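The values are calculated or read from the model by the stated rules, or taken from the named source; none is laboratory data. Because the structure is predicted, anything quoted here is derived from the model rather than measured. All Cβ positions, even for glycine, are placed from backbone atoms using ideal geometry, and neighbour counts span all protein chains on display. Please note that ligands, DNA and RNA were not included when accessible areas were found on the heavy atoms of the full protein model with its side chains. Shrake-Rupley method; radii C 1.70, N 1.55, O 1.52, S 1.80 Å.
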Amino acid sequence: MAAFDKVKSGIPSADQLLDHIRMGDNVVWSVSNLDEFRFFALPFVEQAIEDGRNLIYMRFANHEPILTPREGLKIYEFDPDKGFEAFTVDIYNRITAEGKDAFYVFDSLSSLQSVWYTDLMMGNFFRVTCPYLFRLDTVAYFPVIRGRHSFHAIAQIRDTTQLFLDVYNNSHSFYKLDKNMDPSAGLLRIVTGLGTRAVDRTENDYPRLVNLDRPAVSMYRNVAERHRFSQRNMDVLDITKNELTTISVDSLLEQLPLWFKRSVMERDMEAENSLKRMGRWRQVWFITCQKLLENKAFTDFMQKILKTLEKAYQNPVDIEYTVNLDENGDFVLNLVQCRPLFTGKEGRQIDIPKLPEDRIFFELKDSSMGTSAKKPIR
């Protein structure tokens, strides 16, 4: 095919909106999670196979595979732990071997940040790879997770790629992080360390709230907000003193293995860049449990547990649980408690009249946990 020839994406409405993807295009999808990316990548793959394209999946991240083996798809694996230069050369050599007019799907660019400890290197990798793909008249899909990276790193990507698409799909607990989230999927409150911090109310210390309909989605808009409203302390057992104690996350960082930090923490690159400008650079980690929540085996298992118990009790349930991880991403879950969550009998809809501002004590939008009641306030 000739450069700039139109290419079908597998989604006719997207083709109409974009006036088609063209040969030579690098398409970066800024998404909340990889399920959103799959929504666009899978039809692209189906179309490419139907059209007889040379289709390649570039696999290098520790997240769940975006694509699985199938006829008409080549899968090549790469190791970013070899370092920026060696990894980039390996990718370059594979692209060279595949030649012109190839179609690519890449793993998440965001995964390179946790391996190379900086999202600027992620941006540099894209700036090297993207123009070479363009010269060979290929079409390449790249996902990047929204809110994970500094403005400068995203600017490197946006200024290099041919298409940068910021995608917001409709997302689907009694607590809903988004009005379109499915409340029946279930809610998790999850913390690192002992679970007492998930149960007890703590000032300026926040558990991660997870709607299992879209578990990897954050309610916050950017890294700064995720860091501000994150868990700052851990409850731990001091085996020397034989007592329960609370310790700050920062004071534990040097004692935690890297694999564990990668599993339950993220780095605040914007904060690190600010410290660097002041001559006080250090790594800034904060707890999000994001990698665990991107583990579909874990989140699907939690949904299955909640649905099974709800069916047995014939009521929604409130559970307490523990999760132990290993460096391979495997987990062991212990169910500690289970309590039926009585929601009362379903009644008729009540229309609440409009009240003047001075008659409103508090307001609540959407749904609440449990039943509602009217009682006098004394």
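Counting just the residues of region 82-128 that are under 30 Å from residue 289 (Cβ atoms) and of a type in the set (Phe, Trp, Tyr), which one comes out most open to solvent (accessible area, probe 1.4 Å)?
Only one residue tops the list, namely 117.
If you check residue 354 against the conditions, is it among the basic types (Lys, Arg), open to solvent by 70 Å² or more (accessible area, probe 1.4 Å) and assigned to a loop (DSSP other than H, G, I, E, B)? Step through it out loud before you land on a result.
Working: among the basic types (Lys, Arg): yes; open to solvent by 70 Å² or more (accessible area, probe 1.4 Å): yes; assigned to a loop (DSSP other than H, G, I, E, B): yes.
Yes: the conditions hold for residue 354.
Name the single residue, out of those in region 258-283 being over 19 Å from the mean Cα position of the chain (by Cα) and open to solvent by less than 60 Å² (accessible area, probe 1.4 Å), that is nearest to residue 218 (Cα to Cα). Spell out how you get there, then give the answer.
Within region 258-283, the subset over 19 Å from the mean Cα position of the chain (by Cα) is 258, 271-283.
Within this subset, residues satisfying the condition of being open to solvent by less than 60 Å² (accessible area, probe 1.4 Å) are 271-275.
Values: 271: 19, 272: 21, 273: 23, 274: 24, 275: 25 Å.
Once the filter is applied, the top-ranked residue is 271.
Looking only at region 155-175, decide whether some residue is under 22 Å from residue 64 (Cα atoms), at pLDDT 85 or above, hydroxyl-bearing (Ser, Thr, Tyr) and open to solvent by less than 30 Å² (accessible area, probe 1.4 Å).
No, because not a single residue in region 155-175 is under 22 Å from residue 64 (Cα atoms), at pLDDT 85 or above, hydroxyl-bearing (Ser, Thr, Tyr) and open to solvent by less than 30 Å² (accessible area, probe 1.4 Å).
Could you check region 214-278 for helices (runs of 4 or more DSSP H) lying wholly inside it with 3 or more residues that are within 25 Å of residue 32 (Cβ to Cβ)?
Details: elements: 223-228, 249-252, 258-264, 269-277.
It comes to 223-228, 258-264, 269-277.
Looking at region 90-97, can you tell me whether even one residue there is part of a loop (DSSP other than H, G, I, E, B), modelled with pLDDT of 95 or more and over 21 Å from the mean Cα position of the chain (by Cα)?
Residues of region 90-97 part of a loop (DSSP other than H, G, I, E, B): none.
No, every residue in region 90-97 fails to be part of a loop (DSSP other than H, G, I, E, B), modelled with pLDDT of 95 or more and over 21 Å from the mean Cα position of the chain (by Cα).
Can you name the residue in region 16-53 that is under 28 Å from residue 64 (Cα atoms) and among the acidic types (Asp, Glu) and, of all such residues, is most open to solvent (accessible area, probe 1.4 Å)?
50
When you scan region 4-27, how many residues do you find that are hydrophobic (A, V, I, L, M, F, W, C), assigned to a loop (DSSP other than H, G, I, E, B) and out of contact with any helix residue (DSSP H, G or I) (no Cβ under 9 Å at 6 or more places or on another chain)?
Start the filter on region 4-27 by keeping residues that are hydrophobic (A, V, I, L, M, F, W, C), which leaves 4, 7, 11, 14, 17-18, 21, 23, 27.
Okay, now just the ones that are also assigned to a loop (DSSP other than H, G, I, E, B), so 4, 11, 23.
Filter again for out of contact with any helix residue (DSSP H, G or I) (no Cβ under 9 Å at 6 or more places or on another chain), leaving 4, 23.
So the count comes out to 2.
Kindly list the number of the only condition in (1) under 30 Å from residue 220 (Cα atoms); (2) among the hydroxyl-bearing types (Ser, Thr, Tyr); (3) open to solvent by less than 30 Å² (accessible area, probe 1.4 Å) that fails for residue 13.
Single failed check for residue 13: (3).
Of the residues in region 285-315, how many are more than 18 Å from the chain's Cα centre (by Cα) and either surrounded by fewer than 20 Cβ atoms within 10 Å (Cβ to Cβ) or assigned to a strand (DSSP E or B) (or both)?
Going through region 285-315, the residues more than 18 Å from the chain's Cα centre (by Cα) turn out to be 304-315.
Now restrict to residues that are either surrounded by fewer than 20 Cβ atoms within 10 Å (Cβ to Cβ) or assigned to a strand (DSSP E or B) (or both): 304-305, 307-315.
Qualifying residue count for the region: 11.
I'd like the residue in region 54-81 that is among the aromatic types (Phe, Trp, Tyr) and in a loop (DSSP other than H, G, I, E, B) and, out of all such residues, is most open to solvent (accessible area, probe 1.4 Å).
Kept after step one, since they are among the aromatic types (Phe, Trp, Tyr), are these residues of region 54-81: 57, 60, 76, 78.
Of the ones still in play, those that are also in a loop (DSSP other than H, G, I, E, B) are 60, 78.
Values: 60: 14, 78: 34 Å².
Looking at residues that are among the aromatic types (Phe, Trp, Tyr) and in a loop (DSSP other than H, G, I, E, B), I get 78.
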